[in-house]
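Report on the structure given below.
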Amino acid sequence: MHQPCANGAHLNGDAARNGDLAPGLRMPTTDQEIVRLIGQHLLSVGLERSAALLMEESGLHLEHPAAATFRQHVLAGDWVKADHDLRALHDLLRDSPHQDPHNLAEMKFVVLEQKYLEHLEAGRVLDALHVLRNELTPLQYDTPRVHRLSALMMCADAEELRSRAQWPGGTTSRAAVLARVQAVLPPALMMAPGRLRSLLAQAAAYQAQRCRFHAAQRPTPEQNGHHIPFSLLADHQCSADQFPIHPLQVLNEHCDEVWYCKWSPDGSKLASGSKDHTVMIWDFDPVAKRLSFRKSLEGHLYGVSYLSWSPDGRYLIAAGPEDCPDLWIWNMETEQLHLKMTHSQEDSLTAVAWHATSDKFVCGGARGQFYHCTLDGTLINNWDGVRVNALACRADGTVLAADTHHRVRAYDFSDLTDRNLIQEEHAVMAMSLNAADTLLLLNVANQGVHLWDIRARALVRRFRGLSQGHFTIHACFGGAHQDFIASGSEDNKVYIWQMEREEPIAVLSGHTRCVNAVAWNPTHLDVLVSASDDYSLRLWGPRDPRV
């Protein structure tokens, strides 16, 4: 008869009878591991008889017998037997050159900690005290943690204990004990739970990352395979039909060059700024994939060359060209002018960026103005003599400024300190910071689009193909993980790159003059908009099935 494991799988099979080598033991090591992975997965989905038959026929076992009994006793809360099993595991590991003695002490501590907490939860204070004094303390492992555990003796009830210990409670927390022990045990003795799912999740995440047109959310290894949005039966490859490279709509309401466009943070509205002195607001229908004109924000005395939505979507700041001294702050809930901000008629305010709190912003221009302001236009602080081409605010409040010396510097307005981050050889005309606050996209005169890692202060990639002279052209990040780059170009085209590739994956034609800006919708990831000197905006999206 075969002997069953505690988890329902068999340790030994009839295949090994009469001295014959079990089929599984004749397999290469990789195949043996695959069989064990399949067996573990069958158990996890409740197919215990199938797992037992697989182990019996192969002659393999899912985990070492000592590990199997340890699992059984931990899940049952039999701490005396679990401690005995742990000593058996220690004996197996003690002479291993790859096993850190510190890990052996950690396994013992994890089990004793659970035993101590369960005694306290059940009101067995004397038993808990015995564990604390005679078992946990002599280990001399993580003494500060032992001191914190001893303070739990004063808890009035089990609810207070679970709250102060940040512990879910007896039976539900035993699986966590197993997971912590498995983290330091060799997988030959005990596999981590859900190992096959974890491997599949890693493979799926890699395929999605390498996919040429995967702009949607991709699975992450942390999900352990619980949600993989595409089939595992073939290599994943998104169709270009679902990528925003197909013309959907041309908007011709502006009566002069369109210099900039930007989606609201929730992706429901688009703002466009033009040389015709207007800001136009458009509503986006994500079902019909259409933009409809909503309102024209008028009264600007100059063309509108830059727009910045507050992170909460309530306000929109409009800035003008180099000779413009004003900022226009619009309340987008009332669609009325909130404030026209002018500090001096000699100012040039062409760049602006909001802090994450939406109650402060920075602004500046190439004539040397660099202001830190509140929402009502009050000047909090200023930096004299910094000639700014572009601005961005990091999550920690640090301000990044691209200046006329071809640099990007970091400024802290709280203590008026600054430092150099990036040095380019040519003028930085525009920049965009990714949502993770780690990558900076620069449009560099005569060079094109450069991607920089802010933390490493290193140039990651120079993207090829586009035409960039001395015009201000704006690029953007796109996709659920912002691993796509889109930019306008002086050759009248829109260029799109996958972050890992220098060559464009798509080049979009349709505009008849320079494309000044591209904006990728942050919520509806299958659409983007381009703004051009040909007086138009173009909406790009998935292929229309009716065409």
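The values are calculated or read from the model by the stated rules, or taken from the named source; none is laboratory data. Keep in mind that this is a model prediction, so the values were computed, not measured. Every residue, glycine among them, receives a Cβ derived from its backbone with ideal geometry; neighbour counts consider all protein chains shown. Calculation scope for accessible area: heavy atoms of the full protein, side chains included, ligands and nucleic acids excluded. Shrake-Rupley method; radii C 1.70, N 1.55, O 1.52, S 1.80 Å.
One table, with the values for the structure above:
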quantity	calculated
Length-normalised contact order for the chain - Cα pairs under 8 Å, 6+ apart - percent	9
Among 467-478, 170-181, the order from most to least packed when residues are scored by Cβ within 10 Å on average	467-478, 170-181
Extreme residue, positive dipole direction of the chain, given options Ser272, Cys363, Tyr116 (C-beta unit charges)	Tyr116
Charge dipole (debye, nearest 20) of the stretch 349-445; +1 at Cβ of Lys and Arg, -1 at Cβ of Asp and Glu	200
Net +/- balance of residues flanking Ala151 in space, Cβ distance below 13 Å, scoring K and R +1, D and E -1	+2
Exposure rank, largest accessible area first [Ile380, Ile228; 1.4 Å]	Ile380, Ile228
Asn420/Glu322 FRET efficiency (R0 22 Å; Cβ-Cβ; nearest 0.05)	0.35
The stretch 446-547: GluC sites (Glu not before Pro) in DSSP loop, at most 16 other beta carbons within 10 Å	Glu500, Glu502
Within the stretch 508-547: Cβ-based charge dipole about Cα centre, in debye rounded to nearest 20 (Lys, Arg +1; Asp, Glu -1)	100
Tyr371 accessible area, assembled protein chains, probe 1.4 Å, Å²	30
Cα centre as origin, Lys/Arg/Asp/Glu Cβ charges: the chain dipole, Debye	800
Rounded Å value of the spacing that divides the Cα centres of the stretch 518-547 and the stretch 190-266	17
Among (i) 3, 16, 25, 23, 15, 8, 5, 3, 1, 0, 0; (ii) 3, 17, 28, 27, 17, 7, 1, 0; (iii) 3, 15, 19, 16, 13, 15, 13, 5, 1, 0, the entry derived from the coordinates for P(r) over Cα pairs in 10 Å bins from 0, in percent	(iii)
Net lengthening on full extension, Ala234/Leu339 (0.36 nm per residue, minus Cα-Cα)	32.2 nm
Extension gain (nm, one decimal) between Arg212 and Leu139, 0.36 nm per residue minus Cα-Cα	20.9 nm
Paired Rg and Dmax values of the stretch 450-526, which use every Cα atom, in angstrom	12.5, 39
Pairwise label distance in nanometres, Arg407 with Ser44, each label 7 Å out on the Cα-Cβ vector	5.2
Sum of side-chain charges, Pro542 neighbourhood, beta-carbon under 11 Å (Lys, Arg +1; Asp, Glu -1)	-1
All lysines inside 28 Å of Lys269 as judged from Cα atoms, apart from same-chain residues fewer than 8 positions distant	Lys289, Lys295, Lys340, Lys360, Lys493
Order of exposure, largest accessible area first, which applies to Arg49, Arg409, Arg419 with probe 1.4 Å	Arg49, Arg419, Arg409
